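Right, one structure below, let's go through it.
The values are calculated or read from the model by the stated rules, or taken from the named source; none is laboratory data. This structure is a prediction, so every number in the text was calculated from the model and none was measured. Here the Cβ is made from the backbone with ideal geometry for all residues, glycine too, and neighbour counts use every protein chain on show. These area figures cover heavy atoms from the full protein model, side chains too; ligands, DNA and RNA do not enter into them. Shrake-Rupley method; radii C 1.70, N 1.55, O 1.52, S 1.80 Å.
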Amino acid sequence: MTTQTAEAGQSAYNFAYLDEQTKRMIRRAILKGLAVPGYQVPFASREMPMPYGWGTGGVQVSAATLTPEDCFKVIDQGADDTTNAVSIRKFFERTAQVETTTRTGEATVIQTRHRIPEEPLREDQVLVYQVPIPEPLRFLEPSEVETRKMHALEEYGLMHVKLYEDIARHGAISTAYAYPVKVEGRYVMDPSPIPKFDNPKLEMAAIQLFGAGREQRIYALPPYTQVVSLDFEDHPFDPSKAEHPCDLCGAEDSYLDEVITDDAGSRMFVCSDTDYCLARRDAGHEGAQGARA
Amino acid sequence: MSGKFFEEFSQDFSKNLWGAPQPLLQVEGLSKFYGARRGCADVSFDLWPGEVMGIVGESGSGKTTLLNCLAGHLAPDTGRVLFDTRAHGMQDTVTMSEPERRMLGRTDWAFVHQHASDGLRMNVSAGGNVGERLMAVGARNYGDIRERATDWLGRVEISGDRIDDRPTAFSGGMRQRLQIARNLVTGPRLVFMDEPTGGLDVSVQARLLDLLRGLVREMGLSAIIVTHDLAVVRLLADRLMVMKDGQVVENGLTDQVLDDPQHGYTQLLVSSVLQV
Ligand SMILES: Nc1ncnc2c1ncn2[C@@H]1O[C@H](COP(=O)(O)OP(=O)(O)OP(=O)(O)O)[C@@H](O)[C@H]1O
Ligand SMILES: [Mg+2]
């Protein structure tokens, strides 16, 4: 995290947009989050020069985490080139002058919405999630006072009521995104709207930080934290991989997006992680429609 | 015969009747004030295992306040509420830790609200409503949970094919029966009910009372039922406590209190019913 303070006389400019006091406040929340994995730490979310839906929570966590030496990557639904990803990347290029990249392996701080990179992350990397709704119990219990109490007292029966309702209605647990997990056998946590396919990756070497701007919450997973997806004995958690390799790079282990390729409704399945797909193709891997793309 | 005599007699009687070594619930000097206004004051009584006690009294006499203090929903200002816990015997539920109290609330205690919407999750299916307490105490097998929910719906006379419907699609009587199933599925030992038949049609009330009476007898439940309907008391309660202005004015076996009321207020209450 940054050791740089505002340079004397330059009151209008500060590294990574936020003033040092705000960053310190956010870092305290991050440290508390790391000390109590999965616990939602309240923080005084600041106005950012972008709308809430753009991941202001993630942006504030990134701002408090970045150092001038960092290399920054932004993923939006797996891609680096969406408007949202480009804007956030540009924002930090301008306000922090950090190096940016689209390569997962090169990045030291990765801000993400909706995906975990396919390439396993390392201990020297930080993954920052943009979180819209941090409270996994919100769906069934609207009262904030009550959900806080439920977390404090580990009263998590309600989480299984949600999964029960899924099975009763659809014959299987149909929750495909934001699939609830239990952290270190203690706090139930919403992993943000990543596909449940990514849930097993939540146990990783990198530090994971979650920022919710509108809801003013930060939570975290230290490296190698135990993260278990909730389920029933007779309906075990299933990360559900499509029975299909990537049509471009041939990968059989990645999360795929279905893409419509022409007016006739032709479709293909491609890696949602564009960097992963590109790196594989650069290395000579090819899928069924690889030549055409 | 004095009221005091009745009290002693009825307590001896219930001791003999149920043959239990000690009360399930012992309430001592319980008071709750809302600012300067008296909610209930200096209430003391014992409830024995398997006993059903009715609490009657006019509107504002403190029945709901007392019930909420007993069930841990309200913190009383003074007094003790001793409950015979499975693990540690008699414990004061007023001073025990909140996690312990909430654990009792979803295991050994049940609370049936007057308005089913206060006691049900209206956006969750009937099966999910019944299953919640099971899941809250660790049930993690979907098939088992569903089986027990189906069984309980049957016991409260809700057809099994309604298991995936939400209570919003149920009639008032069905909702109330669903609330009862949801509460009894974990085999509680003490059930608190606040006007369980209030707001229902007379014929629906009768059916619900029948059902409640069957369940109470069959499961050997202890219960405290707040009502201002003396017919409910007559049908369900072994013992009766009459409240006025937050205080207990009479306490005894139901038939004796109703047939030979000692306190002037109880006499008024009983005679007003007889006139109907
Ligand atoms: N939240 C509150 N704040 C202030 N006063 C209250 C509150 N709840 C109850 N009271 C007062 O306490 C007294 C007892 O009320 P309570 O609701 O316990 O009566 P009740 O016997 O249940 O009446 P009812 O038959 O109408 O339900 C009344 O004077 C009432 O106005
Ligand atoms: Mg009341």
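Observations on the structure shown:
- Subset tally (residues that are assigned to a helix (DSSP H, G or I), within 12 Å of chain A (Cβ to nearest Cβ) and either open to solvent by less than 10 Å² (accessible area, probe 1.4 Å) or touching a residue at least 12 places away in the same chain (Cβ under 8 Å) (or both)) for region B:103-123: 1
- In region B:194-217, residue nearest to the chain's Cα centre (by Cα) [restricted to those that are within 16 Å of ligand 2 (Cβ to nearest atom) and touching a residue at least 60 places away in the same chain (Cβ under 8 Å)]: B:194
- Residues located in region A:253-288, provided they are assigned to a strand (DSSP E or B) and open to solvent by less than 60 Å² (accessible area, probe 1.4 Å): A:256, A:257, A:259, A:268, A:269, A:270, A:271
- Residue B:196 passes every criterion in (1) within 14 Å of another protein chain (Cβ to nearest Cβ); (2) within 16 Å of ligand 1 (Cβ to nearest atom) apart from (1).
- Of the residues making up region A:163-185, just one is charged (D, E, K, R), in contact (Cβ under 8 Å) with a residue 40 or more places away in the chain and within 14 Å of chain B (Cβ to nearest Cβ), namely A:182.
- Residue satisfying all of: in region A:141-162; aliphatic (A, V, I, L, M) and crowded, with 18+ Cβ neighbours inside 10 Å; nearest to the other protein chains (Cβ to nearest Cβ) among these: A:161
- Strands (runs of 3 or more DSSP E) completely within region B:35-89 that count 3 or more residues being open to solvent by less than 60 Å² (accessible area, probe 1.4 Å) and within 16 Å of ligand 1 (Cβ to nearest atom): B:37-47, B:52-57
- When we screen B:31, B:97 for residues that are in contact with a Cys (Cβ under 7 Å, 6 or more places away or on another chain) and either away from ligand 2 (no atom under 16 Å from the Cβ) or among the basic types (Lys, Arg) (or both), the only hit is B:31.
- Qualifying residue in region A:104-115 (condition: under 21 Å from residue B:128 (Cβ atoms), at pLDDT below 95 and in contact with a strand residue (DSSP E or B) (Cβ under 7 Å, 6 or more places away or on another chain)): no
- Test result for residue B:165, within 27 Å of residue A:170 (Cα to Cα), assigned by TED's automatic domain parsing to the domain that holds residue B:133, in a loop (DSSP other than H, G, I, E, B) and away from ligand 2 (no atom under 16 Å from the Cβ): yes
- Of all residues making up region A:101-119, the number that are open to solvent by less than 40 Å² (accessible area, probe 1.4 Å) and either assigned to a loop (DSSP other than H, G, I, E, B) or more than 27 Å from residue A:200 (Cα to Cα) (or both): 9
- Residue pairs meeting the criteria (Cβ under 6 Å; at least 6 apart or on separate chains; first in a loop (DSSP other than H, G, I, E, B), in region A:46-70; second open to solvent by less than 10 Å² (accessible area, probe 1.4 Å) and of a type in the set (Ser, Thr, Tyr)): A:46/A:22; A:48/A:56
- Here residue B:74 qualifies as on the phi < 0 side of the Ramachandran plot, of a type in the set (A, V, I, L, M, F, W, C) and within 16 Å of ligand 2 (Cβ to nearest atom).
- The set of residues in region A:163-191 being more than 27 Å from residue A:204 (Cα to Cα) and open to solvent by less than 30 Å² (accessible area, probe 1.4 Å) consists of A:164, A:165, A:166, A:167, A:168.
- Filtered residues of region B:90-102 (kept if away from chain A (no Cβ under 14 Å) and either in a loop (DSSP other than H, G, I, E, B) or within 16 Å of the chain's Cα centre (by Cα) (or both)): B:93, B:94, B:95
- Of the numbered criteria (1) touching a residue at least 12 places away in the same chain (Cβ under 8 Å); (2) out of contact with any strand residue (DSSP E or B) (no Cβ under 7 Å at 6 or more places or on another chain); (3) more than 24 Å from residue A:142 (Cβ to Cβ), the one residue B:132 fails is (3).
- Some residue of region B:158-170 being more than 8 Å from every other protein chain (Cβ to nearest Cβ), within 13 Å of residue A:161 (Cβ to Cβ), out of contact with any Cys (no Cβ under 8 Å at 6 or more places or on another chain) and open to solvent by less than 40 Å² (accessible area, probe 1.4 Å): no
- All positions within region B:146-157 that are within 15 Å of residue A:165 (Cα to Cα), charged (D, E, K, R) and buried (at least 17 other Cβ atoms within 10 Å of the Cβ): B:146
- Hits in region B:25-34 - residues which are open to solvent by 60 Å² or more (accessible area, probe 1.4 Å) and either within 12 Å of the chain's Cα centre (by Cα) or near ligand 1 (Cβ under 9 Å from one of its atoms) (or both): B:33, B:34
- Residue within region A:253-270 that is among the polar types (S, T, N, Q), assigned by TED's automatic domain parsing to the domain that holds residue A:121, touching a strand residue (DSSP E or B) at 6+ places or on another chain (Cβ under 8 Å) and more than 20 Å from residue A:78 (Cβ to Cβ) present: no
- Scanning region B:124-145 for residues that are more than 27 Å from residue B:100 (Cα to Cα), facing chain A (nearest Cβ under 8 Å) and crowded, with 21+ Cβ neighbours inside 10 Å yields a total of 1.
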